[in-house]
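The values are calculated or read from the model by the stated rules, or taken from the named source; none is laboratory data. Treat the numbers as computed from the prediction; the structure is a model and nothing was measured. Cβ placement follows ideal geometry from the backbone for every residue including glycine, while neighbour counts extend to all protein chains displayed.
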Amino acid sequence: MLGAPKLKPEIDAPAAPSVAATAVSIRNVDVRFGDGVNEVTALSGISVDIPEGAFVTMLGPSGCGKSTLLRCVADLIDVSEGSVTVFGRTPSQARQNRDFAFVFQDATLLPWRTVLENVSLPLEVGKHARTGDYADPRALLQMVGLAGRENALPHELSGGMRQRVAIARALVTRPRILLMDEPFGALDEITRDRLNEELLRVWQETGTTILFVTHSIPEAAFLGQHVLMLQAHPGRMKEFMKVDLPFPRSLAVRDTVEFIRVTAHLRKLLEECL
Ligand SMILES: Nc1ncnc2c1ncn2[C@@H]1O[C@H](COP(=O)(O)OP(=O)(O)OP(=O)(O)O)[C@@H](O)[C@H]1O
């Protein structure tokens, strides 16, 4: 039996446009160090919005101000002009609210504490253990591939393992933003590749916004949804470029024509920045 005739053709309701909130807003930022003849303009006129949940890699010649910009977001450096907001708060308020966590090139683990005790450390000094708003340190260790190494001491781990601990420690307070300053810069290429893949997986599992400084063009292209390219003397924004490569990405993407095209474009931009 036929159903009742349709009076109107069925039309799918248009999907609501998904507009990501802004995680970090950087407006006309200048940073100067020193006074008088010793004054150095590290950053000049930087404006960019980092969408919530984005993975943004920062690339540029040595001394262009990548670390300085990351440190402005992290409330480690005050801007000379302009403003930085983190989810609408000042960097200082965002730090107190534990909106972000920082991962440096050196894992900076406490040598006398086990892996698990290092990952749990932020819970001892912050409000998170009190409020219960934290990630399970053991589950994080599993996520970064260190299940079974909870009781090891840092000196018993490889450099790559130590960085994995540092990443787990950074994630334990469930920061909304992860600020990473060349976290894999001191690692051998194979370990770095593996950690790149793992970091993308962690990003996709946690939805954390990531700002990641690197010197490596392939690393910037492989990890980034966007690449923020800075030029030097003074540090200015060259380009905020979307990387048109699909997710999830595996290392095999680096052999594709599209990836080679992206890295060639980044190399050309980088040469223009010198
Ligand atoms: N505390 C400081 N005092 C004086 N000058 C500084 C300070 N920090 C950074 N600078 C200067 O600011 C500029 C930007 O430095 P920054 O470390 O941010 O660059 P970078 O792009 O991260 O460099 P690299 O890629 O070599 O790590 C450089 O000229 C640097 O010498």
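Restricted to region 72-93, and to residues that are touching a residue at least 60 places away in the same chain (Cβ under 8 Å) and not in a loop (DSSP other than H, G, I, E, B), which residue is farthest from the ligand (Cβ to nearest atom)?
85
Search region 234-258 for residues being in contact (Cβ under 8 Å) with a residue 40 or more places away in the chain and of a type outside the set (D, E, K, R), and hand back the single one that is surrounded by the most Cβ atoms within 10 Å (Cβ to Cβ).
By that ranking, first place goes to 235.
I need the full set of residues from region 94-136 which are of a type in the set (A, V, I, L, M) and assigned to a loop (DSSP other than H, G, I, E, B), in order please. Quick ask: steps written out before the conclusion?
At the first step, the residues of region 94-136 found to be of a type in the set (A, V, I, L, M) are 94, 101, 103, 107, 109-110, 115-116, 119, 121, 123, 125, 129, 135.
Matches in region 94-136: 107, 109, 110, 135.
Against the definition (surrounded by 14 or more Cβ atoms within 10 Å (Cβ to Cβ), outside the structural domain of residue 207 (by TED's automatic domain parsing), in a loop (DSSP other than H, G, I, E, B) and over 20 Å from the mean Cα position of the chain (by Cα)), how does residue 149 come out, yes or no?
yes
Please work out which one of (1) surrounded by fewer than 18 Cβ atoms within 10 Å (Cβ to Cβ); (2) assigned by TED's automatic domain parsing to the domain that holds residue 165; (3) over 16 Å from residue 149 (Cα atoms) is the condition residue 117 fails and give its number.
The single condition residue 117 does not satisfy is (3).
For region 146-163, what are the residues that are small (Gly, Ala, Ser) and in contact with a Leu (Cβ under 8 Å, 6 or more places away or on another chain)?
Narrowing region 146-163 to residues small (Gly, Ala, Ser): 147-148, 152, 158-160.
Once the filter is applied, which keeps residues that are small (Gly, Ala, Ser) and in contact with a Leu (Cβ under 8 Å, 6 or more places away or on another chain), region 146-163 yields 147, 159, 160.
Listed here are the residues, each with its yes/no results for (1) farther than 28 Å from residue 139 by Cβ; (2) under 12 Å from the mean Cα position of the chain (by Cα); (3) in the same structural domain as residue 120 (by TED's automatic domain parsing).
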{"position": "161", "(1), (2), (3)": "no, no, yes"}
{"position": "165", "(1), (2), (3)": "no, no, yes"}
{"position": "189", "(1), (2), (3)": "yes, no, no"}
{"position": "212", "(1), (2), (3)": "no, yes, no"}
{"position": "215", "(1), (2), (3)": "yes, no, no"}
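Quick check on region 30-47. Is at least one of its residues within 20 Å of residue 102 (Cβ to Cβ), in contact (Cβ under 8 Å) with a residue 60 or more places away in the chain and away from the ligand (no atom under 13 Å from the Cβ)?
The answer is no; no qualifying residue exists.
Only residues that are more than 12 Å from residue 170 (Cα to Cα) and touching a residue at least 60 places away in the same chain (Cβ under 8 Å): list them for region 101-116, please.
First, pick out the residues of region 101-116 that are more than 12 Å from residue 170 (Cα to Cα): 105-106, 110-116.
Listed by number, the residues that qualify are 105, 106.
Just to be sure, is residue 167 more than 15 Å from the ligand (Cβ to nearest atom), buried (at least 21 other Cβ atoms within 10 Å of the Cβ) and part of a strand (DSSP E or B)?
no
For region 185-235, enumerate the residues that are away from the ligand (no atom under 16 Å from the Cβ) and of a type in the set (Ser, Thr, Tyr).
191, 206, 208, 209 - these are the residues of region 185-235 that are away from the ligand (no atom under 16 Å from the Cβ) and of a type in the set (Ser, Thr, Tyr).
Condition check: closer than 14 Å to residue 107 by Cβ, aliphatic (A, V, I, L, M) and not in a helix (DSSP H, G or I). Does residue 187 satisfy that?
Working: closer than 14 Å to residue 107 by Cβ: yes; aliphatic (A, V, I, L, M): yes; not in a helix (DSSP H, G or I): yes.
Yes: the conditions hold for residue 187.
Output the residues belonging to region 188-201 that are surrounded by fewer than 20 Cβ atoms within 10 Å (Cβ to Cβ) and among the hydrophobic types (A, V, I, L, M, F, W, C).
Once the filter is applied, which keeps residues that are surrounded by fewer than 20 Cβ atoms within 10 Å (Cβ to Cβ) and among the hydrophobic types (A, V, I, L, M, F, W, C), region 188-201 yields 190, 200.
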